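Peer 1: Got a structure for you, questions after.
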Amino acid sequence: MNLRAVPLTALLLLGGASSGLAAGATTGPLLLSGAQGSVELLAPSGTWAPQVSRTDVTTSLRTGTGRAELTSGGGQVVMGSASRLRRYLDEADLLDGRFFLRGPVAVHVQGIHVVMEGAGQMRVDLSGRATRRVAVLQGQARLSLNGRVVTVRAAQQVDLDSGKVTAFREQDPWYASQYRGLGSATVEATRGQVRVDRAGQSRVAVVGDALDPGVTLNTAAGAWAEVGFTGGGYLRLNEQSELSVLAVERTERGREVLLKLSRGTAWNVVQKGQGGYRLDTPVVSTAVRGTVFRVDASGTVKVFEGQVALPGESDQAVSAGQQRAEAGGVGTLQLDALDRFNQSLDTERARPLTLDLPARALQVQDLTLLARSLPDASVQASVAGRTVPLGGADGVFRLERLEDSLPEGTYAVTVTATRYGQTLARQVPLLIDRTAPAVTVQARREGRVLTLTGRVQDASLQPGAGTPAGRVTLRATLGGVTYTRTVTAGTPDFRWTLPLTTPGATATLHARDAAGNERHVEIP
(Lines give C-alpha, C1' and ligand atoms only; values in the text may rest on other atoms or scores of the structure.)
Protein backbone atom coordinates (compact mmCIF):
# COMPACT_ATOMS: atom_id res chain seq x y z
CA MET A 1 0.00 0.00 0.00
CA ASN A 2 1.49 3.36 -1.06
CA LEU A 3 1.23 6.03 1.61
CA ARG A 4 0.85 9.56 0.37
CA ALA A 5 3.12 12.25 1.78
CA VAL A 6 1.23 15.31 2.97
CA PRO A 7 2.37 18.46 1.08
CA LEU A 8 3.91 21.14 3.27
CA THR A 9 1.55 23.79 1.86
CA ALA A 10 -1.45 21.66 2.80
CA LEU A 11 -0.15 21.20 6.33
CA LEU A 12 0.28 24.94 6.64
CA LEU A 13 -3.25 25.48 5.38
CA LEU A 14 -4.62 22.96 7.83
CA GLY A 15 -2.61 24.56 10.60
CA GLY A 16 -4.11 27.92 9.76
CA ALA A 17 -7.62 26.49 9.64
CA SER A 18 -7.13 24.86 13.01
CA SER A 19 -5.54 27.82 14.78
CA GLY A 20 -8.69 28.42 16.81
CA LEU A 21 -8.38 25.04 18.57
CA ALA A 22 -7.24 24.82 22.13
CA ALA A 23 -3.77 23.36 22.47
CA GLY A 24 -3.89 19.55 22.38
CA ALA A 25 -7.54 19.46 21.32
CA THR A 26 -6.84 17.22 18.35
CA THR A 27 -3.37 15.91 19.07
CA GLY A 28 -1.90 13.97 21.94
CA PRO A 29 -1.03 10.41 22.89
CA LEU A 30 -2.67 7.70 20.79
CA LEU A 31 -4.07 5.39 23.44
CA LEU A 32 -5.80 2.04 23.06
CA SER A 33 -8.63 2.47 25.56
CA GLY A 34 -10.74 -0.62 24.81
CA ALA A 35 -10.39 -3.92 22.97
CA GLN A 36 -12.96 -6.61 22.16
CA GLY A 37 -12.35 -9.78 20.20
CA SER A 38 -9.16 -10.07 18.17
CA VAL A 39 -7.00 -6.94 18.61
CA GLU A 40 -3.22 -7.15 18.05
CA LEU A 41 -0.38 -4.69 18.56
CA LEU A 42 2.86 -4.80 16.59
CA ALA A 43 5.72 -5.38 19.01
CA PRO A 44 9.18 -3.80 18.52
CA SER A 45 10.40 -7.26 17.57
CA GLY A 46 8.11 -7.22 14.53
CA THR A 47 5.62 -9.79 15.82
CA TRP A 48 1.89 -9.25 16.44
CA ALA A 49 0.70 -9.80 20.01
CA PRO A 50 -2.87 -9.84 21.41
CA GLN A 51 -3.69 -6.64 23.27
CA VAL A 52 -6.54 -6.19 25.74
CA SER A 53 -5.28 -3.60 28.22
CA ARG A 54 -4.98 0.16 27.95
CA THR A 55 -1.71 1.08 26.26
CA ASP A 56 0.03 3.72 24.20
CA VAL A 57 0.10 2.78 20.50
CA THR A 58 3.57 3.54 19.21
CA THR A 59 3.67 1.17 16.23
CA SER A 60 0.73 -0.50 14.43
CA LEU A 61 -2.60 -1.96 15.54
CA ARG A 62 -4.88 -4.42 13.74
CA THR A 63 -8.17 -6.21 14.33
CA GLY A 64 -9.45 -9.58 13.18
CA THR A 65 -13.02 -10.21 14.27
CA GLY A 66 -13.21 -7.53 16.91
CA ARG A 67 -13.21 -3.83 17.71
CA ALA A 68 -10.71 -1.41 19.16
CA GLU A 69 -11.36 1.99 20.72
CA LEU A 70 -8.61 4.60 20.79
CA THR A 71 -8.40 8.12 22.18
CA SER A 72 -6.44 10.76 20.32
CA GLY A 73 -6.35 14.18 21.94
CA GLY A 74 -9.92 15.08 22.71
CA GLY A 75 -11.39 12.68 20.14
CA GLN A 76 -12.00 8.98 19.62
CA VAL A 77 -11.24 6.45 16.89
CA VAL A 78 -13.19 3.16 16.69
CA MET A 79 -11.71 0.40 14.51
CA GLY A 80 -14.07 -2.14 13.03
CA SER A 81 -13.21 -5.76 12.27
CA ALA A 82 -10.50 -6.53 9.72
CA SER A 83 -8.93 -3.08 10.04
CA ARG A 84 -5.42 -1.71 10.48
CA LEU A 85 -3.77 1.54 11.52
CA ARG A 86 -0.35 2.81 12.50
CA ARG A 87 1.06 5.75 14.41
CA TYR A 88 2.29 8.39 11.98
CA LEU A 89 3.50 11.91 12.87
CA ASP A 90 2.09 11.36 16.40
CA GLU A 91 -1.38 10.66 15.02
CA ALA A 92 -3.34 7.62 13.89
CA ASP A 93 -2.83 6.76 10.21
CA LEU A 94 -5.79 4.66 9.06
CA LEU A 95 -4.51 2.09 6.56
CA ASP A 96 -7.20 -0.47 5.80
CA GLY A 97 -10.72 -1.43 6.90
CA ARG A 98 -13.46 0.71 8.43
CA PHE A 99 -13.33 3.36 11.14
CA PHE A 100 -15.69 5.61 13.07
CA LEU A 101 -14.36 8.86 14.55
CA ARG A 102 -15.69 11.41 17.04
CA GLY A 103 -14.27 14.92 17.02
CA PRO A 104 -12.36 16.89 17.79
CA VAL A 105 -9.82 14.61 16.17
CA ALA A 106 -6.93 14.71 13.72
CA VAL A 107 -5.80 11.59 11.83
CA HIS A 108 -4.15 10.54 8.61
CA VAL A 109 -5.98 8.31 6.15
CA GLN A 110 -3.41 6.39 4.13
CA GLY A 111 -1.16 9.42 4.59
CA ILE A 112 -3.86 12.02 3.83
CA HIS A 113 -4.35 14.46 6.72
CA VAL A 114 -7.92 14.81 8.04
CA VAL A 115 -8.99 17.20 10.81
CA MET A 116 -12.36 17.51 12.54
CA GLU A 117 -11.93 20.68 14.57
CA GLY A 118 -14.95 20.47 16.84
CA ALA A 119 -17.57 18.00 17.96
CA GLY A 120 -18.79 15.75 15.18
CA GLN A 121 -18.76 12.27 13.72
CA MET A 122 -17.32 10.75 10.57
CA ARG A 123 -16.56 7.36 9.10
CA VAL A 124 -13.67 6.19 6.96
CA ASP A 125 -13.98 3.22 4.58
CA LEU A 126 -10.89 1.69 2.96
CA SER A 127 -11.51 -1.44 0.88
CA GLY A 128 -8.64 -1.70 -1.55
CA ARG A 129 -9.45 0.01 -4.85
CA ALA A 130 -13.18 -0.52 -4.41
CA THR A 131 -13.81 2.08 -1.69
CA ARG A 132 -11.60 4.90 -0.37
CA ARG A 133 -13.71 7.59 1.24
CA VAL A 134 -14.29 9.85 4.22
CA ALA A 135 -17.95 10.53 5.07
CA VAL A 136 -19.09 13.13 7.62
CA LEU A 137 -22.16 12.28 9.71
CA GLN A 138 -22.17 15.34 11.97
CA GLY A 139 -20.13 18.54 12.00
CA GLN A 140 -17.50 19.10 9.33
CA ALA A 141 -13.97 17.99 8.49
CA ARG A 142 -11.08 19.33 6.41
CA LEU A 143 -8.52 17.27 4.62
CA SER A 144 -5.43 17.86 2.56
CA LEU A 145 -6.04 16.23 -0.80
CA ASN A 146 -4.07 16.63 -4.03
CA GLY A 147 -2.40 19.84 -2.81
CA ARG A 148 -5.55 21.58 -1.68
CA VAL A 149 -7.77 21.71 1.38
CA VAL A 150 -11.19 20.10 0.93
CA THR A 151 -14.05 20.79 3.34
CA VAL A 152 -16.61 18.02 3.87
CA ARG A 153 -19.80 18.82 5.74
CA ALA A 154 -22.49 16.69 7.38
CA ALA A 155 -24.22 14.28 4.94
CA GLN A 156 -21.30 14.57 2.51
CA GLN A 157 -18.47 12.26 1.51
CA VAL A 158 -15.25 12.69 -0.40
CA ASP A 159 -13.67 10.11 -2.68
CA LEU A 160 -9.98 9.97 -1.81
CA ASP A 161 -8.98 9.05 -5.36
CA SER A 162 -10.89 11.67 -7.34
CA GLY A 163 -11.35 14.30 -4.62
CA LYS A 164 -15.02 14.56 -5.61
CA VAL A 165 -17.45 15.56 -2.84
CA THR A 166 -20.94 14.05 -3.09
CA ALA A 167 -24.00 13.54 -0.91
CA PHE A 168 -23.88 10.78 1.67
CA ARG A 169 -26.71 8.78 3.22
CA GLU A 170 -25.84 6.30 5.93
CA GLN A 171 -26.94 2.76 5.01
CA ASP A 172 -24.51 0.62 7.00
CA PRO A 173 -24.12 2.00 10.57
CA TRP A 174 -21.99 -0.89 11.82
CA TYR A 175 -20.61 1.28 14.62
CA ALA A 176 -24.10 1.74 16.10
CA SER A 177 -24.42 -1.93 17.03
CA GLN A 178 -22.82 -3.22 20.20
CA TYR A 179 -20.17 -5.86 19.69
CA ARG A 180 -21.23 -9.19 21.25
CA GLY A 181 -18.43 -11.57 20.27
CA LEU A 182 -17.15 -13.85 17.58
CA GLY A 183 -19.50 -15.30 15.00
CA SER A 184 -18.91 -18.32 12.82
CA ALA A 185 -18.60 -19.19 9.15
CA THR A 186 -18.79 -22.91 8.36
CA VAL A 187 -18.56 -25.01 5.21
CA GLU A 188 -22.03 -26.55 4.80
CA ALA A 189 -21.71 -28.28 1.41
CA THR A 190 -19.13 -28.95 -1.29
CA ARG A 191 -19.14 -30.38 -4.79
CA GLY A 192 -16.02 -31.14 -6.76
CA GLN A 193 -12.54 -29.95 -5.82
CA VAL A 194 -12.74 -27.38 -3.02
CA ARG A 195 -9.73 -26.41 -0.91
CA VAL A 196 -9.15 -24.46 2.29
CA ASP A 197 -5.98 -22.39 2.68
CA ARG A 198 -4.98 -21.55 6.23
CA ALA A 199 -1.65 -20.03 7.28
CA GLY A 200 0.05 -21.22 4.10
CA GLN A 201 -1.31 -24.77 4.41
CA SER A 202 -3.79 -26.09 1.82
CA ARG A 203 -6.10 -29.08 2.15
CA VAL A 204 -9.39 -30.44 0.85
CA ALA A 205 -12.40 -28.68 2.39
CA VAL A 206 -14.94 -30.86 4.20
CA VAL A 207 -18.40 -30.15 5.57
CA GLY A 208 -18.08 -28.67 9.05
CA ASP A 209 -14.83 -26.80 8.43
CA ALA A 210 -14.78 -23.53 10.38
CA LEU A 211 -13.60 -20.59 8.29
CA ASP A 212 -11.85 -18.27 10.70
CA PRO A 213 -10.64 -14.80 9.69
CA GLY A 214 -7.68 -15.14 7.36
CA VAL A 215 -8.87 -18.41 5.84
CA THR A 216 -9.31 -18.63 2.05
CA LEU A 217 -11.67 -20.95 0.18
CA ASN A 218 -10.91 -21.98 -3.42
CA THR A 219 -13.04 -23.86 -5.96
CA ALA A 220 -11.78 -25.60 -9.09
CA ALA A 221 -13.55 -25.93 -12.45
CA GLY A 222 -17.00 -27.51 -12.06
CA ALA A 223 -16.86 -27.20 -8.25
CA TRP A 224 -18.78 -25.12 -5.71
CA ALA A 225 -18.97 -24.69 -1.96
CA GLU A 226 -21.53 -23.27 0.44
CA VAL A 227 -20.65 -21.31 3.57
CA GLY A 228 -23.22 -20.78 6.33
CA PHE A 229 -23.06 -18.00 8.91
CA THR A 230 -24.08 -17.45 12.53
CA GLY A 231 -27.84 -16.99 12.75
CA GLY A 232 -28.60 -18.09 9.19
CA GLY A 233 -27.92 -17.07 5.63
CA TYR A 234 -25.31 -18.51 3.31
CA LEU A 235 -22.93 -17.84 0.45
CA ARG A 236 -22.34 -20.18 -2.47
CA LEU A 237 -18.89 -19.85 -3.99
CA ASN A 238 -19.19 -20.88 -7.63
CA GLU A 239 -16.53 -22.60 -9.71
CA GLN A 240 -13.04 -21.17 -10.19
CA SER A 241 -13.50 -18.66 -7.39
CA GLU A 242 -11.57 -17.51 -4.33
CA LEU A 243 -13.08 -16.12 -1.14
CA SER A 244 -11.33 -14.80 1.97
CA VAL A 245 -13.05 -14.44 5.33
CA LEU A 246 -12.11 -11.11 6.89
CA ALA A 247 -14.42 -11.23 9.92
CA VAL A 248 -17.71 -12.63 11.20
CA GLU A 249 -18.87 -10.95 14.39
CA ARG A 250 -21.94 -11.11 16.59
CA THR A 251 -23.69 -7.88 17.44
CA GLU A 252 -26.97 -6.97 19.12
CA ARG A 253 -28.40 -6.49 15.63
CA GLY A 254 -27.37 -9.94 14.42
CA ARG A 255 -24.19 -10.81 12.60
CA GLU A 256 -21.69 -8.60 10.77
CA VAL A 257 -19.95 -10.44 7.92
CA LEU A 258 -16.91 -9.09 6.07
CA LEU A 259 -15.68 -11.06 3.07
CA LYS A 260 -13.36 -10.56 0.11
CA LEU A 261 -13.95 -12.14 -3.31
CA SER A 262 -10.63 -12.12 -5.19
CA ARG A 263 -11.85 -13.97 -8.28
CA GLY A 264 -14.91 -15.74 -9.60
CA THR A 265 -18.51 -15.43 -8.43
CA ALA A 266 -20.36 -15.53 -5.11
CA TRP A 267 -24.12 -16.13 -4.76
CA ASN A 268 -25.48 -14.71 -1.51
CA VAL A 269 -28.65 -15.35 0.46
CA VAL A 270 -28.71 -12.95 3.42
CA GLN A 271 -31.60 -13.35 5.84
CA LYS A 272 -33.35 -10.26 7.12
CA GLY A 273 -32.61 -9.20 10.66
CA GLN A 274 -29.13 -10.72 10.66
CA GLY A 275 -27.07 -7.55 10.81
CA GLY A 276 -24.64 -6.32 8.19
CA TYR A 277 -22.96 -8.08 5.29
CA ARG A 278 -20.10 -6.67 3.24
CA LEU A 279 -18.50 -8.40 0.27
CA ASP A 280 -15.55 -6.63 -1.33
CA THR A 281 -14.04 -7.36 -4.74
CA PRO A 282 -11.10 -5.73 -6.54
CA VAL A 283 -13.63 -3.53 -8.35
CA VAL A 284 -16.67 -2.96 -6.13
CA SER A 285 -17.74 -3.13 -2.49
CA THR A 286 -21.26 -4.22 -1.50
CA ALA A 287 -23.18 -3.57 1.72
CA VAL A 288 -26.52 -5.28 2.40
CA ARG A 289 -29.00 -6.15 5.15
CA GLY A 290 -31.24 -8.95 3.94
CA THR A 291 -31.34 -9.83 0.27
CA VAL A 292 -30.45 -12.34 -2.47
CA PHE A 293 -27.69 -11.15 -4.76
CA ARG A 294 -24.76 -12.22 -6.92
CA VAL A 295 -21.35 -10.57 -7.03
CA ASP A 296 -18.59 -11.18 -9.57
CA ALA A 297 -14.99 -10.23 -8.85
CA SER A 298 -15.04 -8.37 -12.16
CA GLY A 299 -17.57 -5.88 -10.75
CA THR A 300 -20.96 -7.27 -11.80
CA VAL A 301 -23.64 -7.10 -9.10
CA LYS A 302 -27.07 -8.69 -9.65
CA VAL A 303 -29.90 -8.29 -7.14
CA PHE A 304 -32.79 -10.76 -7.05
CA GLU A 305 -34.39 -9.72 -3.75
CA GLY A 306 -33.91 -6.68 -1.53
CA GLN A 307 -31.31 -4.00 -2.17
CA VAL A 308 -27.52 -3.73 -2.28
CA ALA A 309 -25.60 -0.51 -1.61
CA LEU A 310 -22.31 0.20 -3.39
CA PRO A 311 -20.14 2.28 -1.03
CA GLY A 312 -17.67 4.41 -2.94
CA GLU A 313 -20.00 4.89 -5.90
CA SER A 314 -21.99 7.72 -4.29
CA ASP A 315 -23.64 4.93 -2.31
CA GLN A 316 -25.59 3.97 -5.38
CA ALA A 317 -28.17 1.28 -4.66
CA VAL A 318 -28.95 -1.74 -6.81
CA SER A 319 -32.51 -2.93 -6.20
CA ALA A 320 -34.31 -6.19 -6.97
CA GLY A 321 -34.53 -6.70 -10.72
CA GLN A 322 -31.43 -4.59 -11.40
CA GLN A 323 -27.75 -5.21 -12.00
CA ARG A 324 -24.51 -3.24 -12.04
CA ALA A 325 -22.45 -3.92 -15.13
CA GLU A 326 -18.71 -4.56 -15.02
CA ALA A 327 -18.04 -1.12 -16.46
CA GLY A 328 -20.41 0.54 -13.98
CA GLY A 329 -23.94 1.81 -14.36
CA VAL A 330 -27.18 0.18 -13.22
CA GLY A 331 -29.62 -1.46 -15.64
CA THR A 332 -32.25 -4.16 -15.90
CA LEU A 333 -31.37 -7.58 -14.49
CA GLN A 334 -30.41 -10.11 -17.17
CA LEU A 335 -30.39 -13.75 -16.07
CA ASP A 336 -27.76 -16.12 -17.41
CA ALA A 337 -27.02 -19.84 -17.03
CA LEU A 338 -25.09 -19.30 -13.79
CA ASP A 339 -28.02 -17.44 -12.23
CA ARG A 340 -30.42 -20.26 -13.15
CA PHE A 341 -27.97 -22.83 -11.82
CA ASN A 342 -27.83 -21.08 -8.43
CA GLN A 343 -31.60 -20.63 -8.31
CA SER A 344 -32.07 -24.36 -8.89
CA LEU A 345 -29.62 -25.14 -6.07
CA ASP A 346 -31.51 -22.74 -3.79
CA THR A 347 -34.73 -24.63 -4.54
CA GLU A 348 -33.07 -27.94 -3.76
CA ARG A 349 -31.52 -26.56 -0.58
CA ALA A 350 -34.92 -25.37 0.64
CA ARG A 351 -36.25 -28.94 0.83
CA PRO A 352 -36.81 -29.85 4.50
CA LEU A 353 -34.44 -32.44 5.93
CA THR A 354 -35.92 -35.86 6.67
CA LEU A 355 -34.69 -38.87 8.65
CA ASP A 356 -36.50 -42.20 8.89
CA LEU A 357 -35.39 -45.11 11.08
CA PRO A 358 -36.87 -48.55 11.79
CA ALA A 359 -40.19 -48.17 13.58
CA ARG A 360 -39.32 -50.93 16.05
CA ALA A 361 -36.42 -51.47 18.36
CA LEU A 362 -33.50 -53.46 16.96
CA GLN A 363 -32.33 -56.88 18.11
CA VAL A 364 -29.14 -57.93 16.32
CA GLN A 365 -25.99 -59.95 16.82
CA ASP A 366 -23.80 -57.04 15.63
CA LEU A 367 -24.83 -53.45 14.95
CA THR A 368 -26.44 -53.09 11.54
CA LEU A 369 -28.57 -50.11 10.69
CA LEU A 370 -30.60 -48.70 7.82
CA ALA A 371 -31.83 -45.10 7.63
CA ARG A 372 -33.43 -42.95 4.95
CA SER A 373 -32.83 -39.25 4.36
CA LEU A 374 -32.30 -36.83 1.46
CA PRO A 375 -29.67 -38.11 -0.99
CA ASP A 376 -27.19 -35.30 -0.29
CA ALA A 377 -27.44 -35.51 3.50
CA SER A 378 -24.64 -36.76 5.75
CA VAL A 379 -25.76 -39.43 8.22
CA GLN A 380 -23.91 -40.84 11.21
CA ALA A 381 -24.70 -43.07 14.16
CA SER A 382 -23.47 -42.73 17.74
CA VAL A 383 -23.54 -45.62 20.20
CA ALA A 384 -21.53 -46.42 23.33
CA GLY A 385 -19.20 -43.47 22.79
CA ARG A 386 -18.51 -44.31 19.17
CA THR A 387 -19.60 -42.29 16.14
CA VAL A 388 -19.50 -43.84 12.70
CA PRO A 389 -20.73 -42.58 9.30
CA LEU A 390 -23.41 -44.39 7.34
CA GLY A 391 -22.68 -44.95 3.68
CA GLY A 392 -25.50 -44.40 1.27
CA ALA A 393 -26.88 -43.86 -2.19
CA ASP A 394 -30.21 -42.52 -3.42
CA GLY A 395 -31.23 -41.52 0.09
CA VAL A 396 -30.69 -44.98 1.69
CA PHE A 397 -27.90 -45.07 4.30
CA ARG A 398 -26.48 -48.27 5.80
CA LEU A 399 -24.15 -49.32 8.55
CA GLU A 400 -23.14 -52.92 7.98
CA ARG A 401 -21.25 -53.45 11.21
CA LEU A 402 -18.76 -51.88 13.62
CA GLU A 403 -15.09 -52.75 13.36
CA ASP A 404 -15.13 -53.82 17.02
CA SER A 405 -18.23 -55.67 18.11
CA LEU A 406 -20.26 -54.30 21.00
CA PRO A 407 -20.68 -56.53 24.06
CA GLU A 408 -24.11 -58.09 24.52
CA GLY A 409 -26.56 -55.72 26.16
CA THR A 410 -29.01 -52.88 25.61
CA TYR A 411 -27.96 -49.60 23.98
CA ALA A 412 -29.49 -46.39 22.67
CA VAL A 413 -28.36 -45.55 19.14
CA THR A 414 -28.57 -41.90 18.08
CA VAL A 415 -28.69 -41.28 14.34
CA THR A 416 -28.00 -37.75 13.09
CA ALA A 417 -28.54 -36.35 9.60
CA THR A 418 -27.05 -32.99 8.54
CA ARG A 419 -27.59 -30.99 5.38
CA TYR A 420 -26.84 -27.32 4.62
CA GLY A 421 -26.67 -26.44 8.30
CA GLN A 422 -29.86 -28.33 9.18
CA THR A 423 -29.68 -31.16 11.70
CA LEU A 424 -32.12 -33.93 12.61
CA ALA A 425 -31.49 -36.54 15.30
CA ARG A 426 -33.46 -39.69 16.07
CA GLN A 427 -32.91 -42.44 18.65
CA VAL A 428 -33.64 -46.14 18.42
CA PRO A 429 -33.21 -48.82 21.15
CA LEU A 430 -30.75 -51.59 20.33
CA LEU A 431 -30.26 -55.04 21.83
CA ILE A 432 -27.02 -56.84 20.98
CA ASP A 433 -27.79 -60.53 21.44
CA ARG A 434 -25.62 -63.47 20.37
CA THR A 435 -27.15 -66.08 22.69
CA ALA A 436 -29.69 -68.55 21.35
CA PRO A 437 -33.05 -68.80 23.16
CA ALA A 438 -33.28 -71.35 25.97
CA VAL A 439 -36.22 -73.78 25.66
CA THR A 440 -37.62 -76.21 28.20
CA VAL A 441 -40.27 -78.48 26.72
CA GLN A 442 -42.32 -81.55 27.68
CA ALA A 443 -44.08 -83.70 25.11
CA ARG A 444 -47.10 -86.02 25.38
CA ARG A 445 -48.20 -88.28 22.54
CA GLU A 446 -51.77 -89.52 22.52
CA GLY A 447 -52.59 -91.37 19.33
CA ARG A 448 -52.39 -88.86 16.51
CA VAL A 449 -52.00 -85.84 18.80
CA LEU A 450 -48.75 -84.33 20.15
CA THR A 451 -49.01 -81.82 23.00
CA LEU A 452 -46.01 -79.63 23.77
CA THR A 453 -45.80 -77.55 26.94
CA GLY A 454 -42.81 -75.46 27.91
CA ARG A 455 -41.16 -72.09 28.39
CA VAL A 456 -38.86 -69.90 26.27
CA GLN A 457 -36.19 -67.64 27.73
CA ASP A 458 -34.39 -65.00 25.66
CA ALA A 459 -32.77 -61.60 26.21
CA SER A 460 -35.44 -59.93 24.09
CA LEU A 461 -38.21 -61.29 26.32
CA GLN A 462 -36.81 -59.89 29.54
CA PRO A 463 -38.60 -56.93 31.16
CA GLY A 464 -36.73 -53.68 30.50
CA ALA A 465 -34.73 -55.17 27.66
CA GLY A 466 -35.61 -52.16 25.52
CA THR A 467 -37.14 -54.27 22.78
CA PRO A 468 -40.93 -54.11 23.24
CA ALA A 469 -41.37 -55.98 19.97
CA GLY A 470 -39.07 -58.81 21.14
CA ARG A 471 -40.31 -62.19 20.07
CA VAL A 472 -39.13 -65.75 19.49
CA THR A 473 -40.43 -67.87 16.65
CA LEU A 474 -41.07 -71.56 17.36
CA ARG A 475 -41.07 -74.01 14.48
CA ALA A 476 -42.14 -77.63 15.07
CA THR A 477 -41.37 -80.22 12.40
CA LEU A 478 -43.39 -83.48 12.62
CA GLY A 479 -42.74 -86.18 10.04
CA GLY A 480 -41.75 -83.62 7.40
CA VAL A 481 -44.62 -81.22 8.15
CA THR A 482 -43.76 -77.82 9.78
CA TYR A 483 -45.93 -75.74 12.13
CA THR A 484 -45.06 -72.22 13.40
CA ARG A 485 -46.07 -70.00 16.30
CA THR A 486 -44.65 -66.94 18.12
CA VAL A 487 -43.75 -66.44 21.75
CA THR A 488 -43.57 -62.85 23.06
CA ALA A 489 -42.47 -61.20 26.29
CA GLY A 490 -46.03 -61.38 27.60
CA THR A 491 -46.44 -65.11 26.81
CA PRO A 492 -43.11 -66.90 27.42
CA ASP A 493 -45.00 -70.10 28.41
CA PHE A 494 -46.66 -72.10 25.70
CA ARG A 495 -48.99 -75.09 25.30
CA TRP A 496 -49.14 -76.37 21.74
CA THR A 497 -51.32 -79.18 20.39
CA LEU A 498 -50.17 -80.58 17.02
CA PRO A 499 -51.52 -83.35 14.74
CA LEU A 500 -49.43 -86.50 14.23
CA THR A 501 -49.84 -88.12 10.85
CA THR A 502 -47.95 -91.12 12.21
CA PRO A 503 -48.01 -91.78 15.95
CA GLY A 504 -44.28 -92.59 16.14
CA ALA A 505 -43.09 -89.81 13.79
CA THR A 506 -39.93 -87.92 14.75
CA ALA A 507 -40.41 -84.38 16.02
CA THR A 508 -38.01 -81.42 16.29
CA LEU A 509 -38.57 -78.00 17.85
CA HIS A 510 -36.60 -74.94 16.61
CA ALA A 511 -36.52 -71.60 18.47
CA ARG A 512 -35.21 -68.49 16.64
CA ASP A 513 -35.03 -64.94 18.03
CA ALA A 514 -35.08 -61.67 16.06
CA ALA A 515 -31.28 -61.49 16.06
CA GLY A 516 -31.08 -64.83 14.20
CA ASN A 517 -29.88 -66.95 17.12
CA GLU A 518 -31.35 -70.52 16.96
CA ARG A 519 -31.86 -73.43 19.33
CA HIS A 520 -32.80 -76.99 18.20
CA VAL A 521 -34.56 -79.40 20.54
CA GLU A 522 -35.34 -83.03 19.71
CA ILE A 523 -38.85 -84.03 20.90
CA PRO A 524 -39.01 -87.49 22.52
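Peer 1: Leaving ligands, DNA and RNA out of it, rank THR216, THR347 by accessible area with a 1.4 Å probe, largest first.
Peer 2: THR347, THR216
Peer 1: Another question, then. Between the helical axis of 337-349 and the dominant principal axis of the chain, each derived from Cα atoms, what acute angle in degrees is found, rounded to the nearest 10?
Peer 2: Between the helix axis and the principal axis of the chain, the angle is about 50 degrees.
Peer 1: Now for a separate question. Would you kindly derive the ³J(HN,Hα) couplings of region 58-73 from the backbone phi angles with the Karplus curve 6.51 cos²θ - 1.76 cosθ + 1.60 (θ = phi - 60°), listing them in order in whole Hz, with x for Gly and Pro?
Peer 2: For region 58-73, the Karplus curve yields 10, 10, 10, 9, 9, 10, x, 8, x, 9, 10, 10, 10, 10, 9, x Hz.
Peer 1: Going 7 Å from the Cα of ASP346 toward and past its Cβ, which residues in region 248-290 have a backbone nitrogen under 15 Å from where you end up?
Peer 2: Taking a point 7 Å out along Cα→Cβ of ASP346, the residues of region 248-290 whose backbone N falls under 15 Å are 266-272, 289-290.
Peer 1: Summing Lys, Arg as +1 and Asp, Glu as -1, what charge do residues with Cβ under 14 Å from the Cβ of LEU357 carry, LEU357 excluded?
Peer 2: Combined, the nearby Lys, Arg, Asp and Glu give +3.
Peer 1: Give me the accessible area of GLU91, 1.4 Å probe, in Å² rounded to the nearest 10.
Peer 2: The accessible area comes out at roughly 10 Å².
Peer 1: Given a cut-off of 16 Å, what percent of all Cα-Cα pairs of region 187-244 lie beyond it?
Peer 2: Across region 187-244, Cα pairs with separations above 16 Å total 34 percent.
Peer 1: Let me ask something else about it. In whole angstrom, how far apart do the alpha carbon centroids of region 163-178 and region 48-108 sit?
Peer 2: Each part reduced to its Cα centre gives a spacing of 19 Å.
Peer 1: Tell me, what is the percent relative contact order of the chain, built from C-alpha pairs under 8 Å that lie six or more residues apart?
Peer 2: Dividing the mean separation by the residue count of the chain yields 7 percent.
Peer 1: Also, I was wondering about something else. Could you tell me how many degrees, from 0 to 90 and to the nearest 10, lie between the Cα long axis of helix 8-17 and the main elongation axis, the longest principal axis, of the Cα atoms of the chain?
Peer 2: 90 degrees
Peer 1: With labels modelled as points extended 7 Å from the Cα through the Cβ direction, what inter-label distance (nm, one decimal) is found for GLN427 paired with THR58?
Peer 2: In this crude label model, GLN427 to THR58 measures out at 6.0 nm.
Peer 1: Then there's this: Excluding ARG250 itself, what net charge comes from residues whose Cβ is under 13 Å from its Cβ, given Lys and Arg +1 and Asp and Glu -1?
Peer 2: +1
Peer 1: So between VAL388 and VAL206, what do we pick up on full extension, going 0.36 nm a residue minus the alpha carbon distance?
Peer 2: Taking 0.36 nm per residue and subtracting the Cα distance, the gain is 63.9 nm.
Peer 1: What distance in nm separates the two pseudo spin-label positions at ALA176 and ALA220, each 7 Å out from Cα along the beta-carbon direction?
Peer 2: So the label points at ALA176 and ALA220 sit 4.7 nm apart.
Peer 1: About the Cα centre of region 410-483, how large is the charge dipole given +1 on each Lys and Arg Cβ and -1 on each Asp and Glu Cβ? Please answer in debye to the nearest 20.
Peer 2: Dipole about the Cα centre, nearest 20: 160 debye.
Peer 1: According to a simple spin-label model (label point 7 Å from Cα along Cα-to-Cβ), what is the distance in nm between GLU446 and SER45?
Peer 2: Those two pseudo-labels are separated by 9.9 nm.
Peer 1: With unit charges on the beta carbons (Lys and Arg positive, Asp and Glu negative) and the dipole taken about the Cα centre of the chain, which residue among LEU279, VAL114, THR291 sits farthest to the positive side?
Peer 2: Selected residue: THR291.
Peer 1: A further question follows. When the label point is put 7 Å from the Cα of LEU31 along its Cα-to-beta-carbon vector, which residues of region 45-68 have a backbone N closer than 13 Å?
Peer 2: The answer is 54-57.
Peer 1: Using the heavy atoms of the protein chains alone and a 1.4 angstrom probe, what is the accessible area of the chain per residue in square angstrom?
Peer 2: Result: 44 Å² of accessible area for each residue.
Peer 1: Within region 375-390, whose backbone N sits under 11 Å from a point 7 Å along Cα→Cβ of LEU402?
Peer 2: Answer for region 375-390: 382-388.
Peer 1: What is the local net charge at LEU424, summed over the other residues whose Cβ is closer than 12 Å to its Cβ (Lys, Arg +1; Asp, Glu -1)?
Peer 2: After counting each charged neighbour, the total is +2.
Peer 1: Give me the extension gain from THR488 to SER262: residue separation times 0.36 nm, minus the current Cα-Cα distance, reported in nm with one decimal.
Peer 2: 74.7 nm
Peer 1: Provide SER60, SER344 ordered by accessible surface of protein heavy atoms (probe 1.4 Å), highest first.
Peer 2: SER344, SER60
The values are calculated or read from the model by the stated rules, or taken from the named source; none is laboratory data. Quantities reported herein were computed from a predicted structural model and do not represent experimental measurements. Methodologically, a virtual Cβ is constructed for each residue, glycine included, from the backbone with ideal geometry; neighbour enumeration extends over all protein chains shown. Accessible surface is based on the protein model in full, side chains and every heavy atom, while ligands, DNA and RNA are left aside. Shrake-Rupley method; radii C 1.70, N 1.55, O 1.52, S 1.80 Å.
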